[in-house]
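Bear in mind that the values in this text are calculations on the coordinates, not laboratory data. Quantities reported herein were computed from a predicted structural model and do not represent experimental measurements. Note that we place each Cβ from the backbone using ideal geometry, even for glycine, and neighbour counts take in every protein chain shown.
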Amino acid sequence: MQTVKVDVVIVGAGGTGLRAAIAVAQADPKLNVALVSKVYPMRSHTVAAEGGAAAVTRDDDSLEYHFNDTVGGGDWLCDQNVVEYFVAHCREELIQLEHWGCPWSRKPDGHINVRAFGGMKIERTWFAADKSGFHMLHTLFQTSIKYPSIKRFDEYFCVDLIVEDGRCQGVVAIEVATGKFTFIQAKAVILGTGGTGRVFRENTNGGIVTGDGMAMAYRHGAPLRDLEFMQYHPTCMPGTGLLFTEACRGEGGYLLNKDGYRFLQDYGLGPPEDKPRNKFMELGPRDRVSQAIWHEERKGRTISTPHGEVVHLDMRHLGEKKLRERLPLIYELAEEYMGIDPAHECIPVRPGIHYTMGGIYANLKAETPLPGLYAAGECASNGIHGANRLGSNSLVDIIVFGQMAGSEAAQFSKSVQNSNAALLEKQAKAAEDKALSVVTKTGGKERHSVLRREMGKSMESGCGIYRTAPEMQATCDKIGELRQRYKNLNVEDKSSVWNNDWLGALEVGYLLDVAEVIVHSALNRKESRGAHQRLDGYENRDDVNFLKHTLAYYTGDGPPRIEYQDVIITKSKPGTRAYGAAGVAADEQRKKEAGNG
Amino acid sequence: MADNTRTIEIEVLRYHPEQDTEPHYQTFSVPFADDWSVLQGLQYIKDDLDSSLSFRWSCRMAICGSCGYMINGEPKLGCRTFLRNYYPHKVRVGPLDHFPIERDLVVDIDDFVGKLEGIKPYIIPREPRTLEQGEYLQTPAQRDQYEQYSSCINCLLCYAACPQYGLNPGFTGPAALALLHRYNADSRDEGWEARSEIVNAEDGVWRCMLVGYCSEVCPKGVDPAHAINQNKVNSTLDYFGVLKFLMPKGAAK
């Protein structure tokens, strides 16, 4: 096995990994960086983010507003010290991307234009048409080429972290084109591996979003935090789950039930107005909108299609010109994939899994509890999204905390030396043998594609928009069974070159570990908060017992050990989470109380 | 689930360097629903019929650029090409033309990635700015000058379409030259002189034979042929030394 020695190794070359790599290079050009990704950087799933990135921009906006929107949107499960740092650094990171060439949409005077987004009090979402993630990713990738200290390992599939002396000191990866293993020894390791949406069947995520980094860190004892909070995006394409950005509603689109009625007014988001109004109606937060669609279905007010029940996204009143200018990708998806012209017809939509709020526990500095290991972006749980992420907060999460992870890891790497090389290489060899055994083993019976499908279906029934204990228990049992069956896997393709039968099997191994954490964390949280909603006697938020983060620890073959951790509250006491007219009243009440206090 | 009532024949190119001396086609019968893409057909084959079939894919929504294949001889994205449009005839899927095959539908794209890295695809600022100074001002009209060229997803359909790249792999090629133009045309950038060597080189814009098929196959409405032509004009002006005089702050605005 080849060994490569660097100062910092980064796994994942999406927005987080690229931003982190540039941060290391800027901190000290003498530090060697290895940027490892199972796909070429521009294929990373950041590419599919559509709507935009939030930062306080307008004169009538404030950091306090962004903070309040984020903390309230997260149903008070956010770590408020981290949110304070976050909102204060969004704008400078977006300006940095502007300087690097990101083609942000502009106002006529040449300044940055902003658009409305769900759950945000003031328009603050920077956008590049409806391809914001695409443009951010390509800008970061192309800019990274300027820095010679960044050595990329494109199409290297990471199989394990190397931990010695209680510190993370490198990774082992397979070169996909040859099947050969490389040990990348490093003084600090950053994970920017994205979310885990592929544990569910119907989702907006790319095929690569398989929780790799989460599972690797978890297996080495780093806790996964708050994974029960999986975000359903309300407007996805029936069948494939492809995303129709929230910007469709930010630009003024309506959601209609089968009677052509703007049903969100029945779910505490009204009253309806013709024009979009921040935090009202279609600009409510994603959890509430998805839940409303679920209720409409139960009331028989949705539309039946071969791909299940749908509601209508109506953008006809916006006109072709505006749609082509502001939402070209959405136009293309509707026309090419569904044969629908959104200027003249409604688009059928239904909720689909979109985003992983939880992840590897990381603090404000992107440090995980495992020294030398940093995590940022969707794979991490640093506390900014709480129980429900607001749209356009994740594209800034990846750069604010990608930058943080890069500069912290750079500093850390200068303060330590690697352990004995022979010990590290022995571990790397063991990791190689373990990954190889998945493909070389004979006599197995199970196909990983079958296990993956059964997992997706079970996760949908147990961890959907609304949850009950019997359904969650059934999914716990099912995932436990699948993890056992995984041991009896048969990978038919035994070859070395581009064997993605083998890599797919390794991905299913990652997915199953993370899926088990999701469902056990959900079953243990006996309350309803944000994206975790129960129908079995725990319909309300319970701040006495569950104003706490879930921490799930790996125990090997068995289910995770669940512990809890206090939420960090600095200035916003948990309050009533309300939108629409009720939200305005709640804001007034809070102001009054603050004035009296 | 939608009914999979119809069955289509998909012929896929197979080549495994550890076993095969020559590529060959293999036919699979795939039951499909009306909204299935060619990519979904390949996924069905991989999951249910033959797990050894190798191909790249990820986003499924024509933005990650992974799933470019030759589909009935035309370069197309597998995720945005639909089986219903071929039925009842069979559909033939092969790897992108003009690239070495690594295995089955997977091609080696390192040549392109090297070219992309070589064109200095980053802002070389006219006036460096600090974060405190805020954003560069750029009007919507200035943004329009380069926007379409920034929409390339690196799917490489244009290289598979380009007869010159097929004959002469040294040619910088459509996507890389369009990206070069994207930066030259950006009001924030002053790198055109640094990039002019690539434009004017033997394998630069002058290799292009004006076929224009690159622009025709682009799934994102980028017009690399136009970018290349624009740079031929600039290259000529550059040769006669008038470009700097005409456009002191950069070419091809």
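The table below lists the values:
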| quantity | calculated |
| --- | --- |
| Residue among A:C78, A:A88, A:T125 farthest towards the positive dipole end of the stretch A:1-142, charges placed on Cβ | A:T125 |
| In Hz, Karplus ³J(HN,Hα) per residue of the stretch B:180-193 (6.51, -1.76, 1.60; θ = phi - 60°; x = Gly, Pro) | 4, 5, 3, 6, 4, 8, 8, 4, 7, 10, 9, x, 4, 5 |
| Projected label distance in nm at A:N524 and B:T5, using a 7 Å step from Cα toward the beta-carbon | 4.9 |
| About the Cα centre, charge dipole magnitude for the stretch B:110-246 (Lys/Arg +1, Asp/Glu -1 at Cβ), debye | 160 |
| Chymotrypsin sites (Phe, Trp or Tyr not before Pro) lying in DSSP loop within the stretch B:61-132, provided at most 15 other Cβ fall within 10 Å | none |
| Two-site FRET efficiency, B:T21 against A:E593, from Cβ-Cβ distance with R₀ of 60 Å, rounded to 0.05 | 0.15 |
| Residue of B:Q43, B:Q138, B:Q148 that the Gaussian network model of chain B assigns the largest fluctuation, springs spanning Cα pairs under 10 Å | B:Q138 |
| The stretch A:14-90: trypsin sites (Lys or Arg not before Pro) in DSSP loop, at most 15 other beta carbons within 10 Å | A:K30, A:R58 |
| Between the stretch B:19-43 and the stretch A:316-350, the Cα center-to-center distance that results, in Å | 30 |
| Rounded Å value of the spacing that divides the Cα centres of the stretch A:167-202 and the stretch A:535-597 | 33 |
| Residue-span extension gain [A:K441 to A:K107] - 0.36 nm each, minus C-alpha spacing | 114.2 nm |
| Ratio Rg/Rh [Cα only; Rh per Kirkwood] for the protein assembly as shown | 0.94 |
| Percent of C-alpha pairs per 10 Å bin, the stretch A:233-353, short to long | 14, 51, 32, 3 |
| Simple label model, 7 Å out from Cα along Cβ direction - B:S29 to A:K30, nm | 6.8 |
| Cα convex hull of the stretch B:67-218 - mean projected area over all directions, nm² | 11.2 |
| Estimated inter-spin distance, A:T178 and B:W206, nm [label 7 Å along Cα→Cβ] | 3.9 |
| Efficiency of FRET from Cβ geometry, A:K321 and A:A581, R₀ 25 Å, rounded to 0.05 | 0.15 |
| The stretch A:501-597 - Debye-derived log10 I(q)/I(0), Cα point model, q = 0.12, 0.18, 0.22 Å⁻¹ | -0.59, -0.97, -1.18 |
| Electrostatic dipole magnitude of chain A [Cβ: Lys, Arg +1; Asp, Glu -1; Cα centre; debye, to 20] | 500 |
| B:D144/B:N168 FRET efficiency (R0 25 Å; Cβ-Cβ; nearest 0.05) | 0.15 |
| Volume per residue that the Cα convex hull of the stretch B:6-53 spans, once the total is divided by residue count, Å³ | 64 |
| Against the rule of thumb 2.2 N^0.38 Å, how large the Cα Rg of the stretch A:430-548 comes out | 1.30 |
| Extension gain (nm, one decimal) between A:Q484 and A:K429, 0.36 nm per residue minus Cα-Cα | 17.3 nm |
| The protein assembly as shown: calculated mean residue ellipticity at 222 nm from DSSP helix runs of at least 4, using -39500 (n - 2.57) | -10500 deg cm²/dmol |
| Contact order normalised by residue count of chain B, Cα under 8 Å, 6+ apart, percent | 17 |
| Rg/Rh for the stretch B:6-107, where both radii come from Cα atoms and Rh is the Kirkwood radius | 0.93 |
| Within straight-line cross-link reach of A:K592, lysines at Cα separation under 23 Å, skipping those fewer than 8 residues along the same chain | A:K121, A:K279, A:K571, A:K573 |
| Contact order relative to length of the stretch A:430-548, as percent, for alpha carbon pairs under 8 angstrom and 6 or more apart | 31 |
